[in-house]
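Every read-out reported here was derived from the displayed coordinates using simple, explicitly stated rules and does not represent laboratory data. Here the structure is a predicted model, which is why all the values come from computation and not from measurement. Ideal geometry is used to build each Cβ from the backbone, glycine not excepted, and the neighbour counts take in all protein chains shown.
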Amino acid sequence: MESIVQKDRNRCYLCGRVRTTFNPLDEHHVYFGPARPISERYGLKVYLCHFGCHLFSLKAVHNNAKRCRELQADVQRIAMEYYGWTIADFVRIVGKNYTEETTWEKEE
C-alpha cells in the first residue's frame, strides 16, 4: 500500500532533502521486524535519505533509538487519525503503543 504518511516521494520525511542520484531516498517501514507486513498493509512507511536519516549517520533511524521511537510515535498518531483507531486498536494491530499517552479509550 502507498504511504498514508507521506505523499512526496522526492523529499526525505525527516530532513526534507531532495532525492538525488548520490543520495537516494529509501522506503522505510516505520514498524519493522515482525510488524513490517503491518506497516506495508496499512501504509505506515516514509521515505528517508539513504545516508543521513535512514542508515548511516548518528541521527539515522537505524542507528538512533530515540529518533526511531519519535518517528514511530508520530506515525502512530497519524495512523490513528487516518483510520479512526484508538490506542487500544493500534496496539491490537501493531502490537505496541509508541506514544506517551497512557489512557486508552474504552471500546464501545
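What residue, among those in region 1-36 that are in a strand (DSSP E or B) and not basic (Lys, Arg), is surrounded by the fewest Cβ atoms within 10 Å (Cβ to Cβ)? Explain how you work it out, then say what you get.
In the first step, residues of region 1-36 are kept if they are in a strand (DSSP E or B); the result is 11, 18, 25-29.
Those left that are additionally not basic (Lys, Arg): 18, 25-29.
On the way: 18: 11, 25: 23, 26: 17, 27: 14, 28: 25, 29: 16.
For region 1-36, the residue satisfying everything is 18.
I need a count of the residues in region 1-54 that are of a type outside the set (D, E, K, R) and without any contact (Cβ under 8 Å) to a residue 40 or more places away in the chain. Can you show your working first?
At the first step, the residues of region 1-54 found to be of a type outside the set (D, E, K, R) are 1, 3-6, 10, 12-16, 18, 20-25, 28-35, 37-39, 42-44, 46-54.
Next, from what is left, pick out any that are without any contact (Cβ under 8 Å) to a residue 40 or more places away in the chain: 10, 15-16, 18, 20-25, 28-29, 32-33, 37, 39, 48-51, 54.
So the count comes out to 21.
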*Within region 76-96, count every residue that is of a type in the set (Val, Ile, Thr) and not in a helix (DSSP H, G or I).*
1
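Every residue, every condition in (1) in contact with a Leu (Cβ under 8 Å, 6 or more places away or on another chain); (2) hydroxyl-bearing (Ser, Thr, Tyr); (3) under 24 Å from residue 17 (Cβ atoms), yes or no:
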{"position": "45", "(1), (2), (3)": "no, no, yes"}
{"position": "48", "(1), (2), (3)": "yes, no, yes"}
{"position": "53", "(1), (2), (3)": "yes, no, yes"}
{"position": "57", "(1), (2), (3)": "no, yes, yes"}
{"position": "65", "(1), (2), (3)": "no, no, yes"}
{"position": "68", "(1), (2), (3)": "no, no, yes"}
{"position": "72", "(1), (2), (3)": "no, no, yes"}
{"position": "77", "(1), (2), (3)": "no, no, yes"}
{"position": "81", "(1), (2), (3)": "no, no, no"}
*Would you mind stating whether residue 42 is closer than 20 Å to residue 15 by Cα, of a type in the set (Phe, Trp, Tyr) and surrounded by 17 or more Cβ atoms within 10 Å (Cβ to Cβ)?*
no
